[in-house]
1. What are the pairs with Cβ atoms under 9 angstrom where one residue, in region 92-115, is surrounded by 10 or more Cβ atoms within 10 Å (Cβ to Cβ) and the other, located anywhere, is outside any helix (DSSP H, G or I) and at pLDDT below 75? Sequence gap at least six, or different chains.
2. Find the helices (runs of 4 or more DSSP H) located wholly in region 74-136 whose residues include 1 or more that are at pLDDT 80 or above, out of contact with any Leu (no Cβ under 8 Å at 6 or more places or on another chain) and among the charged types (D, E, K, R), and list them.
3. Could you list, in sequence order, all residues of region 37-67 that are over 22 Å from Ile86 (Cβ atoms), of a type in the set (S, T, N, Q) and either in a strand (DSSP E or B) or touching an Asp or Glu at 6+ places or on another chain (Cβ under 6 Å) (or both)?
4. Quickly run through region 10-36 and pick out the residues that are in contact (Cβ under 8 Å) with a residue 12 or more places away in the chain, over 22 Å from the mean Cα position of the chain (by Cα) and not in a loop (DSSP other than H, G, I, E, B).
5. What residue, among those in region 1-37 that are β-branched (Val, Ile, Thr) and closer than 18 Å to Gly61 by Cβ, is surrounded by the fewest Cβ atoms within 10 Å (Cβ to Cβ)?
6. Just name the residue that is surrounded by the most Cβ atoms within 10 Å (Cβ to Cβ) out of those in region 49-67 that are among the basic types (Lys, Arg) and in contact with a strand residue (DSSP E or B) (Cβ under 6 Å, 6 or more places away or on another chain).
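The values are calculated or read from the model by the stated rules, or taken from the named source; none is laboratory data. Here the structure is a predicted model, which is why all the values come from computation and not from measurement. All Cβ positions, even for glycine, are placed from backbone atoms using ideal geometry, and neighbour counts span all protein chains on display.
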Amino acid sequence: MQKSLTDILVRTVAAGDSKRLDISDSRCDGLALRVTPTGFKTWSFRFRDPKTGKDVRSTIGRYPDVSLSQARERAIELRREVAKGINPVERKRKERAESDSSTFAALAERYLSEHSSSPLMKCLFSWGDGPSACSR
């Protein structure tokens, strides 16, 4: 279904009892709102992969966390990437794979650096130093 999405329509639209509803925005190519029977509303951008020609969906975010105007702006940005021959979904996957920030070692190091100044953490991580490390 294609409609000119408005704030009022987005706020009040509901899916049927057993099916999700996809509404394409006639004012912004590729932007779609998916509404589930449970009431969740999610923005997505649909495009054709520049290399494979397959239809692809990129999630923009949930409504109301992402407003209609924000979703349109993001869809325009994604459309520009596709016009340059870039698949935004593949780019994001590649960035995540190359990122070191989600490894266990990186998360553990960050946690320890942020929390190691507390007395409890000093006690826990100095257990080999004897009982005096945990005494007040």
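1. Listed pairs, sorted by first residue: Arg96/Ser102; Ala106/Ser99; Ala106/Asp100; Leu107/Ser101; Arg110/Ser101; Leu112/Phe125.
2. Qualifying helices (runs of 4 or more DSSP H): 88-98.
3. Thr42, the sole residue that qualifies.
4. Of everything in region 10-36, nothing turns out to be in contact (Cβ under 8 Å) with a residue 12 or more places away in the chain, over 22 Å from the mean Cα position of the chain (by Cα) and not in a loop (DSSP other than H, G, I, E, B).
5. Out of the qualifying residues, it is Thr36.
6. Arg57
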